[in-house]
Each structure stands twice: as C-alpha cells, then as structure tokens.
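Before anything else, here's the structure in question.
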Amino acid sequence: MQALKERRHLYPDRFVPAHNLQQSRLPVLQQNMARRRLVLFPLPLQGHQTPMLQLATILYSKGFEISIIHTYFNSPNPANYPHFAFHSLPDNLTESETSTEDLTLLLHKLNRNCAAPFRDRLARVMEDASVACLITDVIWYFTQAVADTLDLSRIVLRTNNPSSFMAFTYLPQFRDKGYLSAQGTQLEEPVPELPPLKVKDIPRNYTRHPELNDAMANMLMETSKASKGLIFNTLQELEGSSLSLVRQHFNIPVFAIGPFQKQVKASSSSLLAEDQSCIPWLNSLPPKSVLYVSFGSIAAIDQTQFNEIAWGLALSIQSFLWVIRPGLVRGLDGSVPLPDGFIEMVMDRSRIVEWAPQEEVLGHPAICGFWTHCGWNSVLESICQGVPMICLPFFGDQMNNARYVTDVWRVGLRFEHDSNRQDIEKGIRRLMVETEGKEMRKRAIILKDQASLCVAKGGSSYQALESLVAHILSF
Ligand code: UDP
C-alpha cells in the first residue's frame, strides 16, 4: 500500500538495560523467571504489527523482557515502547516490492529475503541474553527452521481469528473441489466442511502467482503444527467451537488471550499519522448519531465504487466520519477526487480524514455504527466498544469474519461490492435508524460486556494468559 510504503522508516537498535524496568509490574509468579527474554517478530503490515506489539506489551506486564526484531519496511517506532529492545533487519525489498497489491507475492518475498539476516540477528540476541522463546506471526513460516537450528522454542501468533485459520487449512481441498473458481449462484452455496461459511466466504487473495498461495498455506500450517503453541487474539466466548476445531487439528497448545484491545491501546503502533481533528467534531454531536467508515490499511476500490459509496453516504442523510486513506482508490496515491456536488451535500454532517484514531473513534459516544472491511482488528475493536457493523469484506479472512458478524453474532449487515448508491443508502438507514439496527446494537453491547469480563481476573482470557506464561516458563 502506497501510504505505508512512504512511511518506511528505520530506527536504530535500541536496548534498554534491565535495571531501568519498573519493578512494580512484576507479578509474584515471576520469582523464578526474572529477566527471561522473549523475542517477538511482527509481520510488517498494520493489521499484524499492532496485535504483535500489543502482545509484547501484555507479556512485558507479566514480567518478561522484550526484544522486537523487525524489518526495515514499516518498522515500528521504538520511542513508543521505551522498555523494549528493538533490532532492525534488512528485508532487501525495493520500494516497488513493498506494494501490497499482490499480498501473496509480498509475503513470499519477505519470507525469502529475511531468512538469512533473521537467523544472524536472532543468534546475536541469544548471545547477549537468555531467551525463553521466540514468538512470530504465523506468516513468518521460515522462522520455525531457524528456531530448530538454534534449539529455541517457537510460539506463533495468529492475528486473524480461529475460524478463518481453519478455513485456510482447507484451501488446497477447496481448490480441488472447485470452490475457489466458483461463479454466480455457486458462490451462495454453503460450505459443508465449515458451517456457516458460504463458498463466497472462503479466504482468497488476489495474486498473479496462485501457485504460491497453496504452497504458502501448506507451509504456514506445517510450521504452525511444529511450533510449541498457537496464540489467538480472540475470546473463548466468541469462538469456542472454532477454537475446539483448531485444537483438534493442530494438536498443540492453543491460547485465546484476547481481546488485546481490552488490555492495551493500539494507537502507539499506528504506521500513519492519526488525524485527531475528528474528535472535537464528534464531541459536538449527539450520542449514537455518526457512522464511522473505514476499510483498513490495505483494501482498495475503483473510482466507480468509490463514487457509489460517496453518494450512498450522502443520500442516507446520516452524519459520517470517513477515512479516505491515500491508496484507497486504486491507481491514486494522492488525494481522491470526490464526486461533483458531494461536499456541498454533506459538509454540515461529515468529516473526512486520511487516518483516524480508530479505537478512540469507536469508543466515542457519538458513534452509532461502523462500516468496515472486516479486518479482524477492526471487528474486534468494534466488538470491544459495542458498535454494530456494516460489512464490506474484500479479501483474505474478511469474508469469513463478515459471515460471523452477520450470521453468528448477528451484530451487523453486509454489503456486496456491486451494491449501488440506493442499496447503500437503505443499508445505512437499516443500521442507523431502524429497529433491526437497534437490536444489533443490543447484541453488540452483550459481546462488549463478555469481552470485558473475559480479561478480568478469573475470566477465560485471563486464565489462558496465565497458562501461556506458565507454558513459556516450562521451556
Ligand atoms: N486503523 C486506524 N485508523 C484508521 C484505519 C484503521 O488506526 O483510520 C487501524 C485499526 O484500528 C486496526 C488496523 O488499523 O487496528 C487495521 O487492521 P485490520 O485487521 O482491521 O485491517 P487491515 O488493515 O489489516 O486490513
């Protein structure tokens, strides 16, 4: 994605001596684990890096020392994490190779290019400190072999949810059954292997290299199975049955310790500058009156769809805050031309920003609904704030997530990519003003309460986190 590419920056290695740590954060449990170091390796995409840094913060609060190894591309800002040691890694990607247009290719190149430098970097960290374990994004599949060579335990973080992870395990089978090339009405057929998914919900990425997709899916499944554990940013109450399936399939310890959003703030890991000007505007508006519209950090649309969305928002007569990220409209890196007459129609009831402080926005009393692409972080952030959703999924796990939002948790409705301005207008009004939307909001509040309870003492995620800490200490 262009905007993220431009913000590629490199921070020097940073090491914080152990004596600078706040001793007060250390729980009783840590008597025998003092100064045990964890090395975390986030994937350099917003939706992956944020949860990995949140996980690092959670584990730091449990008394571990944290080292982050990161690529030059989309490197995190160490100033936001003064207690962590940061180690940068040359990814050998050219500027054009960091485009997220063909995600499969980007992920393949990252794994290929980082293998040798990562091994050296990790070995150097291990020379300097006693490392308890390596925690990487599932997608860094090459790291299992590195961990094996260095005789280090590896745990993986899956930043998407367990139901979509299961769907990924079936990809080669689904391809053989013809699901991935399904067209027209076939897309509405149920997938008997994974209810309640329909064929159109099966994860897929646009790529010019489809042969890489299955190979990568296989590699990340095999290397996940070979790891010492699997962490999910979710909660048992939301995804109990999918978690059971994952446990059966992978046969390694699985820890559902989310939502991270209830335990740590995400904003410090934002790769784009957050435009705070929308907050005073929201402050001036009545409760439950604004639709927040954002399609995350990668999804892109064409100008025709952009115009239909704009006119749908205008015709709905609802207030809205719309994130128009550079790169949202394919082929346009700079500002996106709005349709003629649009601004005049909406100027007294809208704000447009390039990047919002999303969690703060979703938690604002003026927000009534969230029109989202259904990236897993966005869905969880919405659930954590009890905000019902309009789902417009694009790729990867987003269709799976949308199915759960609309059919399982029943806290949202779905748009299709061919929805025109009238469909959009009607959908927005269903969510914002009709009884259907109010019912969704009630169910969303119940989920929000569950999300708060599960991380409180004795809750399911609280207990899973205790188990994770004990598991790491057993290595
Ligand atoms: N986000 C944000 N401001 C925005 C849009 C998105 O801070 O204007 C954050 C959002 O809070 C979430 C992340 O970017 O944490 C997007 O992750 P997600 O998994 O939802 O989608 P992705 O970008 O990976 O498709």
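The values are calculated or read from the model by the stated rules, or taken from the named source; none is laboratory data. Computed from a prediction, not measured in an experiment: that's the story for all the values here. Cβ atoms come from the backbone with ideal geometry, glycine included; neighbour counts cover every protein chain shown. Heavy atoms of the whole protein, side chains included, go into the accessibility calculation; ligands, DNA and RNA do not. Shrake-Rupley method; radii C 1.70, N 1.55, O 1.52, S 1.80 Å.
Within 16 Å of the ligand (Cβ to nearest atom) and either open to solvent by less than 10 Å² (accessible area, probe 1.4 Å) or at pLDDT 95 or above (or both), is that true of Leu38? Explain how you work it out, then say what you get.
On the way: within 16 Å of the ligand (Cβ to nearest atom): no; either open to solvent by less than 10 Å² (accessible area, probe 1.4 Å) or at pLDDT 95 or above (or both): yes.
Against the criterion (within 16 Å of the ligand (Cβ to nearest atom) and either open to solvent by less than 10 Å² (accessible area, probe 1.4 Å) or at pLDDT 95 or above (or both)), Leu38 does not qualify.
How many residues does the range 235-279 contain that are farther than 24 Å from Leu43 by Cα, within 16 Å of the ligand (Cβ to nearest atom) and not acidic (Asp, Glu)?
5
Now, a different point. Which ones in the range 238-249 are out of contact with any Gly (no Cβ under 9 Å at 6 or more places or on another chain) and closer than 13 Å to Leu380 by Cα? Give the derivation first.
Quick first cut of the range 238-249, residues out of contact with any Gly (no Cβ under 9 Å at 6 or more places or on another chain) only: 239-249.
Selection gives Glu239 alone.
Considering each of Phe394, Phe370 in turn, give the residue that is within 30 Å of Pro44 (Cα to Cα), within 19 Å of the chain's Cα centre (by Cα) and open to solvent by 30 Å² or more (accessible area, probe 1.4 Å). Working first, answer last.
On the way: Phe370 fails: open to solvent by 30 Å² or more (accessible area, probe 1.4 Å).
Only one candidate passes the filter, namely Phe394.
Residues in the range 282-305 that are within 16 Å of the ligand (Cβ to nearest atom) and open to solvent by less than 30 Å² (accessible area, probe 1.4 Å): how many?
Step one: list which residues in the range 282-305 are within 16 Å of the ligand (Cβ to nearest atom), which gives 282, 290-301.
Pick out the ones that are also open to solvent by less than 30 Å² (accessible area, probe 1.4 Å) and you get 282, 290-297, 299-301.
Total meeting the criteria: 12.
To continue, here is another question. Just name the residue that is most open to solvent (accessible area, probe 1.4 Å) out of those in the range 324-342 that are touching a helix residue (DSSP H, G or I) at 6+ places or on another chain (Cβ under 7 Å) and away from the ligand (no atom under 16 Å from the Cβ). So that I can check it myself, show each step before the final result.
To start, the set of residues in the range 324-342 that are touching a helix residue (DSSP H, G or I) at 6+ places or on another chain (Cβ under 7 Å) comprises 325-327, 329, 333, 336, 338-339, 342.
Subsequent filtering for residues that are away from the ligand (no atom under 16 Å from the Cβ) retains 333, 338-339, 342.
Values: Asp333: 73, Leu338: 55, Pro339: 20, Phe342: 0 Å².
The qualifying residue most open to solvent (accessible area, probe 1.4 Å) is Asp333.
Picking from Thr143, Thr136, Thr159, which residue would you name as being within 24 Å of the chain's Cα centre (by Cα), polar (S, T, N, Q) and within 16 Å of the ligand (Cβ to nearest atom)?
Values: Thr143 fails: within 16 Å of the ligand (Cβ to nearest atom); Thr136 fails: within 16 Å of the ligand (Cβ to nearest atom).
Thr159 is the lone residue from the list that is within 24 Å of the chain's Cα centre (by Cα), polar (S, T, N, Q) and within 16 Å of the ligand (Cβ to nearest atom).
So, one more: Within the range 353-394, can you find the residues that are in a strand (DSSP E or B), more than 11 Å from the ligand (Cβ to nearest atom) and within 20 Å of Val336 (Cβ to Cβ)? Even if it seems obvious, please write down each step before you answer.
The first filter runs over the range 353-394 and keeps only residues in a strand (DSSP E or B), leaving 353, 367-372, 389-391.
Those left that are additionally more than 11 Å from the ligand (Cβ to nearest atom): 367-369, 371, 389-391.
The one that is in a strand (DSSP E or B), more than 11 Å from the ligand (Cβ to nearest atom) and within 20 Å of Val336 (Cβ to Cβ): Trp371.
Just checking, does the range 86-107 include any residue being touching a residue at least 60 places away in the same chain (Cβ under 8 Å), under 20 Å from Lys225 (Cβ atoms) and among the aliphatic types (A, V, I, L, M)?
Yes, that holds for at least one residue.
Checking Gln173 against (1) crowded, with 17+ Cβ neighbours inside 10 Å; (2) farther than 30 Å from Ala470 by Cα, only one condition comes out false. Which one?
Here Gln173 clears every test but (1).
Please go through (1) within 12 Å of Ser294 (Cα to Cα); (2) in contact (Cβ under 8 Å) with a residue 40 or more places away in the chain for Cys391 and return the number of the only condition it doesn't satisfy.
(2)
Separate question: Consider Ile424 carefully, then state whether it is open to solvent by less than 10 Å² (accessible area, probe 1.4 Å) and not in a strand (DSSP E or B). Reasoning before the result, please.
Values: open to solvent by less than 10 Å² (accessible area, probe 1.4 Å): yes; not in a strand (DSSP E or B): yes.
Considered against the rule, which asks whether it is open to solvent by less than 10 Å² (accessible area, probe 1.4 Å) and not in a strand (DSSP E or B), Ile424 comes out as yes.
Same structure again: For the range 206-216, which positions are within 25 Å of Asn251 (Cβ to Cβ) and buried (at least 19 other Cβ atoms within 10 Å of the Cβ)?
Within the range 206-216, Asn213, Met216 qualify.
Oh, and also: If I ask for residues that are in contact with a Gly (Cβ under 9 Å, 6 or more places away or on another chain), of a type in the set (S, T, N, Q) and surrounded by fewer than 15 Cβ atoms within 10 Å (Cβ to Cβ), which ones from the range 429-475 would you list?
Across the range 429-475, the qualifying residue is only Ser452.
If you don't mind, another one. Return a yes/no flag: does the range 315-329 have any residue that is in a loop (DSSP other than H, G, I, E, B) and farther than 30 Å from Asp418 by Cα. Full working, then the answer.
Restricting attention to the range 315-329, the residues satisfying the condition of being in a loop (DSSP other than H, G, I, E, B) are 317-318, 324-328.
Now narrow it down to the ones that are farther than 30 Å from Asp418 by Cα: none.
No, the range 315-329 has no match at all.
Another question, then. Which residue out of Pro203, Pro190 is open to solvent by 10 Å² or more (accessible area, probe 1.4 Å), more than 28 Å from Leu150 (Cβ to Cβ) and either out of contact with any Leu (no Cβ under 6 Å at 6 or more places or on another chain) or within 16 Å of the ligand (Cβ to nearest atom) (or both)? First the steps, then the outcome.
On the way: Pro203 fails: open to solvent by 10 Å² or more (accessible area, probe 1.4 Å).
Checking each option against the conditions leaves just Pro190.
Okay, moving on. What number of residues within the range 112-136 satisfy the criterion of being assigned to a helix (DSSP H, G or I), in contact (Cβ under 8 Å) with a residue 60 or more places away in the chain and either touching a Phe, Trp or Tyr at 6+ places or on another chain (Cβ under 9 Å) or charged (D, E, K, R) (or both)?
Final tally of qualifying residues: 2.
So, Met345, is that one under 30 Å from Val191 (Cβ atoms), more than 9 Å from the ligand (Cβ to nearest atom) and open to solvent by 10 Å² or more (accessible area, probe 1.4 Å) or not? Steps first, please.
On the way: under 30 Å from Val191 (Cβ atoms): no; more than 9 Å from the ligand (Cβ to nearest atom): yes; open to solvent by 10 Å² or more (accessible area, probe 1.4 Å): yes.
For Met345, the condition - under 30 Å from Val191 (Cβ atoms), more than 9 Å from the ligand (Cβ to nearest atom) and open to solvent by 10 Å² or more (accessible area, probe 1.4 Å) - is not met.
Of everything in the range 399-412 that's free of Cβ contacts under 8 Å to residues at least 40 places away in the same chain and over 14 Å from Leu291 (Cα atoms), which residue is nearest to the ligand (Cβ to nearest atom)? Please lay out each step first, then the result.
Going residue by residue through the range 399-412, those that are free of Cβ contacts under 8 Å to residues at least 40 places away in the same chain are 405-406, 410-412.
Now narrow it down to the ones that are over 14 Å from Leu291 (Cα atoms): 405-406, 410-411.
Working: Val405: 12, Thr406: 17, Arg410: 20, Val411: 16 Å.
Of everything passing the filter in the range 399-412, Val405 is nearest to the ligand (Cβ to nearest atom).
Filtering the range 142-151 down to residues that are open to solvent by 20 Å² or more (accessible area, probe 1.4 Å) and in contact with a strand residue (DSSP E or B) (Cβ under 9 Å, 6 or more places away or on another chain), which residue is farthest from Glu239 (Cα to Cα)?
By that ranking, first place goes to Leu150.
Is it the case that some residue within the range 97-104 is modelled with pLDDT under 95 and among the small types (Gly, Ala, Ser)? Let's see the steps before the verdict.
Kept after step one, since they are modelled with pLDDT under 95, are these residues of the range 97-104: 97-104.
Imposing the further condition that a residue be among the small types (Gly, Ala, Ser) reduces the set to 99.
Within the range 97-104, one or more residues are modelled with pLDDT under 95 and among the small types (Gly, Ala, Ser).
Which residues, counting only those in the range 222-242, are open to solvent by less than 20 Å² (accessible area, probe 1.4 Å) and part of a loop (DSSP other than H, G, I, E, B)?
Ser227, Gly229, Asn233, Thr234, Leu235
Going through the range 427-438 one residue at a time, which ones are in contact (Cβ under 8 Å) with a residue 24 or more places away in the chain and either under 15 Å from Cys384 (Cβ atoms) or part of a helix (DSSP H, G or I) (or both)?
Hits for the range 427-438 are Gly427, Ile428, Arg429, Leu431, Met432, Gly437.
Sticking with this structure for a sec: Looking only at the range 348-367, how many residues end up being open to solvent by 40 Å² or more (accessible area, probe 1.4 Å) and in contact with a Leu (Cβ under 6 Å, 6 or more places away or on another chain)?
So the count comes out to 1.
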